[in-house]
1. Against the condition surrounded by 22 or more Cβ atoms within 10 Å (Cβ to Cβ) and farther than 20 Å from B:C12 by Cβ, how does A:I407 come out, does it pass?
2. Hey, among the residues in region B:81-91 that are surrounded by fewer than 19 Cβ atoms within 10 Å (Cβ to Cβ) and touching a Ser or Thr at 6+ places or on another chain (Cβ under 8 Å), which one's nearest to the other protein chains (Cβ to nearest Cβ)?
3. Which residues, taken from region A:282-306, are away from every other protein chain (no Cβ under 14 Å) and surrounded by fewer than 22 Cβ atoms within 10 Å (Cβ to Cβ)?
4. Name every residue in region A:72-109 that is small (G, A, S) and assigned to a loop (DSSP other than H, G, I, E, B), in order of residue number.
5. Quick one: what pairs do we get from region A:119-139, first residue on the phi > 0 side of the Ramachandran plot and open to solvent by less than 30 Å² (accessible area, probe 1.4 Å), second part of a loop (DSSP other than H, G, I, E, B) and β-branched (V, I, T), C-beta under 8 Å, 6+ apart or different chains?
6. Do any strands (runs of 3 or more DSSP E) lying entirely in region A:271-369 carry at least 2 residues that are out of contact with any Phe, Trp or Tyr (no Cβ under 6 Å at 6 or more places or on another chain) and among the hydroxyl-bearing types (S, T, Y), and which ones are they?
7. Among the candidates A:E222, A:E192, A:E200, which residue alone is closer than 22 Å to A:S331 by Cα, of a type outside the set (G, A, S) and at pLDDT 95 or above?
8. Only residues in region A:18-43 that are β-branched (V, I, T) count as the first member; pair them with residues that are open to solvent by 60 Å² or more (accessible area, probe 1.4 Å), Cβ under 6 angstrom, at least 6 apart or cross-chain, and list the lot.
Amino acid sequence: MSEYVIIGASAAGLSCCEAIREKDKKGKITIISDEKEMLYSRCLLTYLIGDKIGRDGLKFKADDFYKKHNIDAMHGVKAVMLDIKKKTVKLDNGKAVEFDKLLIATGATPKKVGIEGEGLKGVFSLRSIADAEGIISMVNDCDTAAILGGGLIGLRDAYALRLRGKKVKVVVKSSQILSQMLDKDAADIIEEKLTKEGIEVIKGLAAKKIKGKGKVAAVELEDGSEIECQMVIIGKGVSTNLNFAKEAGIKVETGIVADEYMQTSAKDVYTAGDVAEALDITTGLHRNNSVWPVAVEQGHCAGHNMAGNKTPYEGSCMMNATDFFGLPVVSIGITKPKGTGYEELTVKNSKEKVYKKIVLKDNIIRGIILLTEIANAGVYGILLKKRIDISPIKDRLLDDNFDYAKILHIVKERADKFGKAEFKETTITL
Amino acid sequence: MPKKNKDVKIFCDITKCVACRTCELACATEHSVSKDVYKLLKEDEQPKRRVRVSATPNESISIHCQHCKDAPCVAACMSGAMHKDEKSSATMHDKEKCVGCWMCVMACPFGAIVRDVKNRIAVKCDLCPDRDDYACVAACPTKALFAGTEEDFKKTLKEKRAKKR
Ligand SMILES: Cc1cc2nc3c(=O)[nH]c(=O)nc-3n(C[C@H](O)[C@H](O)[C@H](O)COP(=O)(O)OP(=O)(O)OC[C@H]3O[C@@H](n4cnc5c(N)ncnc54)[C@H](O)[C@@H]3O)c2cc1C
Ligand code: SF4
Ligand code: SF4
């Protein structure tokens with residue numbers, strides 16, 4: 001009987017457990033998390049702060065998940081040392097667990113900004129329930145909040161606090177918001193919406209220090225100006241939790257390096273999720289694509305391989321979707337291409353807040369931005385993922401009525417790429 | 001076709017679809033409060049159809065959720081709203097859990113998920129839980145739509161074609 005140990009009980013870890021159980025009903029699965037809270041989705045934390053959902057709403061798996069999958073769950077316990085040779089993991093409660101197959105899905109931690117005053121009361125970053133509760137506990141005493149960083153999580157924080165009726169000011173060093181996700185045209189449309197809804201965006205300036213006696217009173221910017229505020233949320237991106245693997249001698253770069261089967265440089269030790277660096281299909285390189293769907297897919301793939309069902313990883317790409325005050329946006333792959341050989345197709349109607357952009361190279365879709373009209377995002381997405389030559393439909397790609405019907409013939413002709421039942425079954429009568 | 005059969009989904013016979021969009025109306029009606037096409041016009045909330053007919057110059061097809069095995073929408077859903085039904089293996093959506101993040105819309109390769117903008121939730125084919133058959137299939141005047149497994153569908157096609165000859 002195999003013994004599986006999973007470190008990290010979030011998107012990647014739990015998805016790995018499910019995949020193992022698809023194959024192996026009997027093996028012993030132990031999952032270890034240093035967080036006390038179980039089965040919750042950290043993506044929903046801004047919805048909790050915005051009072052859109054209650055604490056129960058944070059759960060993304062049923063309460064009986066561990067029981068049903070026959071998993072031994074240890075929450076509130078940290079894995080502190082890995083011995084690859086002896087195949088053991090030491091825990092901070094003095095115990096140790098042995099494994100035949102191990103998954104390291106330790107995720108990521110918010111980056112610090114490294115400025116004076118970061119330790120003051122009222123300064124937060126958002127990654128865990130504990131962080132969210134900290135923010136919520138101070139909401140009532142807060143009139144104005146400053147968000148440092150214009151990334152997705154920073155803006156989600158801003159949105160949530162605005163829904164709570166707070167004054168919100170977002171400080172962005174770059175010349176646009178959402179610079180990892182969108183080009184400037186799309187970002188500007190969203191910024192206009194945020195501004196209209198009462199969120200102030202200050203661009204091109206970094207915060208110099210956070211001021212206050214014991215607790216936050218203001219943020220001083222580079223140009224000497226000050227934002228009076230009672231709360232600061234730092235949204236400067238994340239860094240991977242890779243020390244546990246690194247100290248054991250496993251190969252790491254910006255994340256834990258995964259091979260084609262999500263295995264690390266150590267045999268029988270696998271990795272998945274935000275901490276993992278795996279194949280990126282848009283660039284062909286290895287990178288961390290730190291988003292929920294990728295964590296779930298990688299966890300799933302790792303789980304299959306751990307249970308002996310050899311499954312190569314298809315590769316992932318950056319992708320995200322969100323909605324600010326009713327303005328939906330999707331971004332997939334490379335949206336701001338650098339280098340030569342790229343071609344961009346765009347449609348823009350600022351008044352209707354419609355923006356569509358497709359980035360091509362060699363007639364293969366490499367990136368997509370959709371604002372407002374996002375219904376067929378996944379159709380473009382599958383063309384990107386399968387690296388399909390779109391020449392036959394290039395002039396129709398951005399038509400209003402573009403949808404799955406327009407790629408039916410491609411799906412049929414490229415059965416090598418669209419091998420899954422769900423695709424084949426749509427072309428039986430074509 | 002008994003409801004809880006495994007792997008049932010809706011198939012469209014492209015050779016028969018004439019893009020009349022009756023399935024869209026039937027779907028919207030089935031998912032309204034009154035389930036009555038005349039009354040539903042007066043309902044506060046206009047119901048959302050979960051199928052969509054799309055025509056190209058050469059053919060037309062009624063696009064439905066494929067109830068994919070390793071469904072990308074389920075992997076992408078960060079709230080657990082989108083899930084696989086254990087018994088039927090259908091892809092189901094729990095509107096109570098949904099937060100309207102549109103991750104599923106981004107992930108579905110068929111564009112089979114509709115946004116209910118007013119309630120800010122995703123909406124998709126639920127295989128008509130309130131009736132024994134399927135509203136779109138029952139309504140289709142050309143019998144282009146079919147509910148069953150892939151095997152059933154292929155068998156029926158064969159039979160139909162044999163009859164024609
Ligand atoms: C507020 C917020 C909003 C987000 N919104 C989106 C979104 O809209 N879309 C999207 O795609 N993604 C979003 N994300 C990102 C998404 O949450 C992550 O990509 C996803 O959670 C990654 O899952 P994971 O399992 O790899 O890691 P994590 O979720 O980071 O989980 C890792 C777990 O391992 C634990 N751990 C670490 N080290 C140890 C150890 N040594 N011993 C024991 N346990 C350990 C951690 O405490 C943690 O519980 C959001 C994130 C946040 C914080
Ligand atoms: S909604 Fe789309 S991705 Fe989800 S099961 Fe249906 S067809 Fe597949
Ligand atoms: S819109 Fe709803 S169903 Fe779709 S991914 Fe978000 S929470 Fe899940």
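1. For A:I407, the condition - surrounded by 22 or more Cβ atoms within 10 Å (Cβ to Cβ) and farther than 20 Å from B:C12 by Cβ - is not met.
2. Only one residue fits best here, namely B:K84.
3. A:T283, A:G284, A:L285, A:H286, A:R287
4. A:G76, A:G94, A:A105, A:G107, listed by residue number.
5. Short answer, once both residue conditions are applied: A:G122/A:V216.
6. Filter on region A:271-369 gives A:342-349.
7. Exactly one residue qualifies, and that residue is A:E192.
8. A:T30/A:D72
The values are calculated or read from the model by the stated rules, or taken from the named source; none is laboratory data. In this text, all values refer to a predicted model and were calculated from it rather than measured experimentally. Counting neighbours? That spans all protein chains shown, and the Cβs are built from the backbone with ideal geometry, glycine included. For the accessible areas, the whole protein counts, side chains as well, though only heavy atoms, and no ligand, DNA or RNA atoms are used. Shrake-Rupley method; radii C 1.70, N 1.55, O 1.52, S 1.80 Å.
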